[in-house]
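S.K.: The structure under discussion is supplied below as structure tokens; questions concerning it will follow.
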Amino acid sequence: MTGVTPERQLMNDVGSDTQAQEVPVDDALIQQLVARAKDGGMKLAGEGGLLQQLTKKLLESALEGEITDHLGHENGERAEDGRRENYRNGHRAKTVTTDIGTVETEVPRDRAGPSSR
């Protein structure tokens with residue numbers, strides 16, 4: 001056993017493709033999000049806080065991008081050759097343990113995925 005959880009492996013996989021590239025971070029946008037959270041009485045850290053919500057959105061966006069790449073087309077579109085051999089098949093709930101606590105995410109599924117075999 002390697003001691004690497006599937007979630008940690010996902011983060012390793014995401015990071016391995018972009019090691020040479022830095023992801024641009026919009027500091028002004030981050031400041032705006034923090035200010036809006038504070039003005040709305042939202043915690044920045046902890047259960048239900050801004051950091052937890054941003055982590056959830058980031059994970060789900062990355063997973064949606066991954067399934068789009070895997071299927072070869074956006075949701076509701078046909079593949080480039082006009083045929084679709086595999087389809088999106090809803091989502092499943094997943095609890096991811098991170099350094100900031102647990103995050104409840106929705107993981108996209110496809111019909112030919114491991115759970116359908």
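S.K.: Give, as residue ranges, the helices (runs of 4 or more DSSP H) completely inside the range 1-99 that count at least 1 residues that are surrounded by 12 or more Cβ atoms within 10 Å (Cβ to Cβ) and modelled with pLDDT of 80 or more.
M.R.: Counting at least 1 such residues, we get 27-39, 50-71.
S.K.: Going by what's in this entry, would Arg109 be described as surrounded by 14 or more Cβ atoms within 10 Å (Cβ to Cβ) and either out of contact with any Pro (no Cβ under 8 Å at 6 or more places or on another chain) or more than 22 Å from Leu50 (Cβ to Cβ) (or both)?
M.R.: The answer is yes for Arg109.
S.K.: Oh, and also: Is there a residue being within 26 Å of Ala37 (Cα to Cα) and either of a type in the set (Lys, Arg) or modelled with pLDDT under 90 (or both) anywhere in the range 107-116?
M.R.: There is no residue in the range 107-116 that is within 26 Å of Ala37 (Cα to Cα) and either of a type in the set (Lys, Arg) or modelled with pLDDT under 90 (or both).
S.K.: Among the residues of the range 69-87, write down those that are touching a Lys or Arg at 6+ places or on another chain (Cβ under 8 Å) and under 19 Å from Arg109 (Cβ atoms).
M.R.: Across the range 69-87, the qualifying residues are Leu71, His73, Asn75, Arg84, Asn86, Tyr87.
The values are calculated or read from the model by the stated rules, or taken from the named source; none is laboratory data. Computed from a prediction, not measured in an experiment: that's the story for all the values here. In this analysis, Cβ positions are derived from the backbone assuming ideal geometry, glycine residues included, and neighbour counts consider all displayed protein chains.
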